[in-house]
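Throughout, read-outs are computed from the coordinates displayed, never taken from laboratory work. None of the values given here were measured: they were computed from a predicted structure. Neighbour counts are summed over all protein chains in view; Cβ atoms, including those assigned to glycine, are modelled from backbone coordinates with ideal geometry.
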Amino acid sequence: MLKLTVNGVSHEVDADPEMPLLWALRDHLNQTGTKYGCGIAQCGACTVHLDGQPVRACQTRIGDIGTAKITTIEGVSGKVAEAVRTAWRGLDVVQCGYCQSGQIMSAIGLLSENPKPTDADIDGAMDGNVCRCGTYQRIRAAIHEAARTLA
Amino acid sequence: MLKVRQATPPVPSRRAFLGGATVAAGALVIGFTLDPAKFAQAAAGPDLSGLPPMPNAFVRIAADDTVTVVIKHLDMGQGNTTGLATILADELDADWATIRTTFAPADATLYNNFAFGPVQGTGGSTAIANSWVQLRKAGAAARAMLVAAAAERWKVPASEITVESGTVRHAASSRQARFGELAEAAAAQPVPKEPRLKEASAFTLIGKKVPRVDSAAKTDGTAIYSLDIRRPGQLTAVVAHSPRFGGTVKSVDDKAARAVAGVVDVVTIPTGVAVLAKDTWSAMKGRDALKVTWDDSAAETRSSDAILADHRKRLETPGLVASKKGDAANAIAGSAKVLEAEFTFPYLAHAAMEPLNATIEKASDGTYDVFAGCQLQTIEQAVVAANLGVTTDKVRLHTQWAGGSFGRRATPSADYFAETASIVRATGGKAPIHLVWTREDDMAGGFYRPMVVHRLRAGLDAKGGITGWEHRTIGKSIMIGTAFETMIVKEGIDATTVEGASDTPYALPAYRFEVHNAREGVPVLWWRSVGHTHTAQAMEVFIDELAHAAGADPVAYRLGLLGGAPRLSATLKLAAEKAGWDPKKAADKNRGLGVAAHESFGSYVAMVADVTAEDAKVKVNRIVAAVDVGVAVNPDVIRAQVEGAVGFALSSVLRNKITLKDGVVQEKNFDAYEPTRMSEMPVVEVHIVPSTAAPTGIGEPGVPVIAPAISNAIFAATGQRLRSLPLDLSGLKGA
């Protein structure tokens, strides 16, 4: 049994320590907001926070997490998360929405470190998050909007 | 902002839908359907005479004032749920904050797509167009019944009653009621045969900024996609497929797979070998441990290069004539100038973000529940039933939000539904089965945009006017051999191979469009905008070449040929104007503007691309688009679809291709088939042509013009003409 702290709640997971966090979240803890897109860290759909830092859950083995706190789209909160969600909704960023959990987790990570990102900063932080619907223009605008409301 | 959320899971009671209007748990249920044969007529006006009120429900009003709109289409991101709800809510004069939506069950009688005849499904950018009159009438009828109920209750003439934002009022007596207070009494009112529809000037939601109904759930992790379905006791199935299309299982050694912790069973099915496990990870590990020997005797074993070479060889011979006028060959022979060009197009995977998956659960009474991103419900239901050996009434479909599709979920063979059903059958329905295709399965699993080659030849007279146009295309037919063949294939010609070319709006004095159906074993399918993905590139780049050869401005040259296409002309003019198109302005070094205009699915789109091109690199700086989609039901969603089309298609212009080596697909994940990324996304500006014409779609029409606008801009920037996709930038130099 492995102990994982997800969104402030401690869980015991009966799974192979090699199992990627993505599948432990989705299949063992029924936290399906974190999405599977590629399994090889090329799309960012599975982005979660480990102690506040964005990571790809498909590349994070549950045996390596230890006591680090896991935050997913379902549980992410605070001033930055609120500003990001509000901006995303106000600009109707989503289309199919499947990648947006990961986009939002990356955007919160960016704004937590850098409250006033430039376009180049956004490119750097968000280039690992693929959106096949092509919502990038609105993602960029929403990040700028969230930064404005946080200022 | 307004809070709008998805209603509770979509399992509408069948009983509730019987009768033109019935009371179901205190709710007003109402709706109409139209005879498909009368769709065109009905689309033109509000006349319902001769059409019986059918037991088809699109709206329910509950005692708590919530209005639930039943959505008969799949929403794969294009936002049709919002648009469809808007149409009904406007005629109903509902309070948008009370609107909920739910996806309809499979029922071809109640929920067919008028553009598909007797088939329920989503595609061809038809959701809004085919529902426009139907949902307006459903909303208007419900409104009339609420008014009638209020008139009866207050003993006042119905004509003195007004409705606004979910409230019914009688001003003279200062009485008012919310929808919920009247819902039950309204349901007892007769269904009006000819509900009066609003004048466009009275619309309160249509044409306005209405927020998407799915923004909240898709930003907090609560939106449920079919990959998120969790049924009690379900097993996840991952299938080993033949690495070659058409290959079959010869023998299986599953000993090591069965030894993997979490693996419950291994079964051989027609499409491969399925590993069933308690979670996805274990199923994938189990599959890795399988040893399968494949029989390739009936498989496609050629490389894509060899298939392309075959295409080119067949293009030397005459094909089936898709359309012709005059004697094009003769007209070209006497020309002052003759231009020729070849365009090649690779296979393309749809690569939606949510890989294909479906869940089927057997109920205790021997019926089945299917949970998936259902896009062709009628066919999917029939295919599941056939594979389970039951009649279609034993199969219930529960459509979920889809994580993209771009055409892939609308497969006429319902391939992944059939595969799920075959696993359920092989395991006796003991546990719900969730079939999950990994990214690799999804990308290497076929059903690609066909590999296509176009060859064109045209003549110009001394003044630069076109004398004749010869055009030969080869590609595998999408439709031949499917349930849609009789609808779309005429005399061997699949309209989806030549659409956008053989029906060109350009005034050509003589032309001949021929087509070959390629013979190959690679499964092909429509890919967002279907034939237009390649015909628009061939047409719009070649027209550009002719304009330059004629020494003419590319916009003016097109307009000169589009006299018979006023809407496309107007759209092109708007795009050019908004982009600051100026033929006299000298181009910046290595930077140029390119234009393209194209009609698809009844919508008109023009784009001007601003591109910097040098040293084997292209940066698309800005795209200015103009669109004419008739009445713009939700302008913001329309803009989003065009912005998104650019992001979606850009990577197919710059790099994406699926190739085969000895029959084996080489690109299996986003590392080898890389989608557009944030840093590549140009600024996209979208302008909507004001229109009162019946609305058409915008899910697909933004796509076709992107590649030619960029290709033409590269020519403007560098003088180098790139035709084939993806663009080969290797030889690109600065101007």
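Tell me the net charge near B:Ala351. Cut-off is 14 Å between Cβ atoms, B:Ala351 excluded, with +1 for each Lys or Arg and -1 for each Asp or Glu.
+3
What number, rounded to the nearest 500 deg cm²/dmol, is the helix-based mean residue ellipticity at 222 nm of chain B, given -39500 (n - 2.57) per DSSP H run of at least four residues and division by all its residues?
-8000 deg cm²/dmol
Quick one: putting +1 on the C-beta of Lys and Arg, -1 on the C-beta of Asp and Glu, what dipole do you get for chain B around its Cα centre, in Debye to the nearest 20?
So the magnitude is around 320 debye.
Using a ≥ b ≥ c from the Cα gyration tensor of chain B (square roots of the eigenvalues), is it rounded, prolate or oblate, where a/c under 1.5 gives rounded and otherwise the larger of a/b and b/c decides, a/b for prolate?
Oblate, because a/c is 1.5 or more while a/b does not exceed b/c.
Under a Cβ-only charge scheme (Lys and Arg +1, Asp and Glu -1), can you give me the dipole magnitude of the protein assembly as shown about the Cα centre, in debye to the nearest 20?
640
Would you mind giving the mean number of other chain beta-carbons within 10 Å of the Cβ of each residue in A:41-50, as a whole number?
So the per-residue partner count for this stretch is 2.
Gap in Å between the Cα centre of region B:632-677 and the Cα centre of region B:452-477?
Using only Cα atoms to place each centre, the spacing works out to 28 Å.
Let me make sure I get this right: for the protein assembly as shown, a, b and c are the square roots of the gyration tensor eigenvalues over alpha carbons, sorted descending. Under 1.5 in a/c it's rounded, otherwise prolate if a/b > b/c, else oblate. Which is it?
Taking the square roots of the gyration eigenvalues as a ≥ b ≥ c, the protein assembly as shown is rounded.
Return a whole-number percent for the relative contact order of chain B, with Cα pairs under 8 Å and 6 or more residues apart as the contact set.
Answer for chain B is 13 percent.
Could you let me know the centre-to-centre spacing of region B:388-442 and region B:127-154, using Cα atoms, in angstrom?
After rounding, the separation between the Cα centres reads 36 Å.
Please compute the contact order of region A:25-145 in relative form: average sequence separation of alpha-carbon pairs under 8 Å and at least six residues apart, divided by the residue count, as a percent.
29
In whole Å, how far is the Cα centre of region A:82-151 from that of region B:197-226?
21
Could you tell me which residue out of B:Gln189, B:Gly233, B:Thr167 lies farthest along the dipole of region B:135-252 toward its positive end? Charges go on the beta carbon: Lys and Arg +1, Asp and Glu -1, centred on the Cα centre.
B:Gly233
Just from its helices, what would the mean residue ellipticity at 222 nm be for chain A, if runs of 4 or more DSSP H residues each count -39500 (n - 2.57) and the sum is divided by every residue, rounded to the nearest 500 deg cm²/dmol?
Result for chain A, helices only: -10000 deg cm²/dmol.
Put +1 on the Cβ of every Lys and Arg and -1 on every Asp and Glu Cβ in the protein assembly as shown; which of B:Gly262, B:Ala94, B:Gly77 then has its Cα farthest towards the positive end of the dipole?
Final value for the positive-end residue is B:Ala94.
Name the shape class, rounded, prolate or oblate, that the alpha-carbon gyration tensor gives for region B:147-189, where a ≥ b ≥ c are the square roots of its eigenvalues, rounded holds for a/c under 1.5, and otherwise prolate holds if a/b is larger than b/c and oblate otherwise.
Taking the square roots of the gyration eigenvalues as a ≥ b ≥ c, region B:147-189 is oblate.
Along the Cα-to-C-beta direction of B:Thr344, a point sits 7 Å from the Cα; which residues of region B:453-471 have their amide N less than 16 Å from that point?
Of the residues in region B:453-471, B:453-456 have backbone N under 16 Å from the label point off B:Thr344.
If you put +1 on each Lys and Arg Cβ and -1 on each Asp and Glu Cβ, how big is the dipole of chain A around its Cα centre, in Debye rounded to 20?
I would put it at about 400 debye.
Projecting each Cα onto the charge dipole of region A:1-150 (Lys/Arg +1, Asp/Glu -1 at the beta carbon, about the Cα centre), which of A:Thr34, A:Ile143, A:His49 comes out farthest on the positive side?
A:Ile143
How would B:Met284, B:Met607, B:Met487, B:Met76 line up from fewest to most surrounding beta-carbon atoms within 10 angstrom?
Going from least to most buried by this count: B:Met487, B:Met284, B:Met76, B:Met607.
Cut-off is 10 Å between beta-carbons; in what order do B:Thr535, A:Thr34, B:Thr222 appear when sorted fewest neighbours first?
Going from least to most buried by this count: B:Thr222, A:Thr34, B:Thr535.
Using a 7 Å offset from Cα along Cα-Cβ at B:Ala259, what residues in region B:283-317 end up with backbone N under 19 Å from the label point?
B:283-293
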